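These notes concern the structure reproduced below.
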Amino acid sequence: MQTRLILSDEEWRKRLTPEQYHVLREHGTERPGTGCFLGTQEPGTYVCAGCGNPLFRSGTKFESGTGWPSFTEPISPDAIVRVRDTSYGMIRTEVRCARCDGHLGHVFPDGPPPTGERFCMNSVALKHLPEGVAPTLLQ
Ligand code: FE
């Protein structure tokens, strides 16, 4: 696991768009059906929009019908952290970037094979790097 990126709230506000800040730093959720990665299939890697940490491979992306981009597994188990989330009267598992602690979305146990998991992500928390472009960790 690489070094963690810890920034002040002020620094995050400067770096991120208001939409990115709301999701990544305030645990917001983009409206379903609105994200830029809905229905996309371009090969490559999805990295954290906050810190550049590689999170998902395009080959694990699937159409969940939920209105949010969905993946069956992270690029590696330690790319993300899972946090119990009891907000809004539900028991869910929140998914955060392991490097910057940014909120990415949630994971549910109703996904397709091979993992049976559905990583339900916010498009605005991700950036897509085309195949062959090496990820750069933001410092
Ligand atoms: Fe991150």
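List of remarks:
- Among the residues of the range 31-49, those identified as β-branched (Val, Ile, Thr) and either modelled with pLDDT under 95 or more than 16 Å from the ligand (Cβ to nearest atom) (or both) are Thr34, Thr40.
- Test: residue in the range 91-104 that is among the β-branched types (Val, Ile, Thr), at pLDDT 95 or above, surrounded by fewer than 16 Cβ atoms within 10 Å (Cβ to Cβ) and within 17 Å of Ser58 (Cα to Cα): no
- The range 50-71, residues that are away from the ligand (no atom under 15 Å from the Cβ), on the phi < 0 side of the Ramachandran plot, open to solvent by 10 Å² or more (accessible area, probe 1.4 Å) and not aromatic (Phe, Trp, Tyr): Arg57, Ser58, Gly59, Thr60, Lys61, Glu63, Ser64, Thr66
- Glu10 vs. criteria part of a helix (DSSP H, G or I), away from the ligand (no atom under 16 Å from the Cβ), open to solvent by 80 Å² or more (accessible area, probe 1.4 Å) and of a type in the set (Asp, Glu): yes
The values are calculated or read from the model by the stated rules, or taken from the named source; none is laboratory data. Note that the coordinates shown come from a computational prediction; the quantities given were computed from them, not determined experimentally. Note that we place each Cβ from the backbone using ideal geometry, even for glycine, and neighbour counts take in every protein chain shown. Surface accessibility is based on the protein's heavy atoms, side chains included, excluding ligands, DNA and RNA. Shrake-Rupley method; radii C 1.70, N 1.55, O 1.52, S 1.80 Å.
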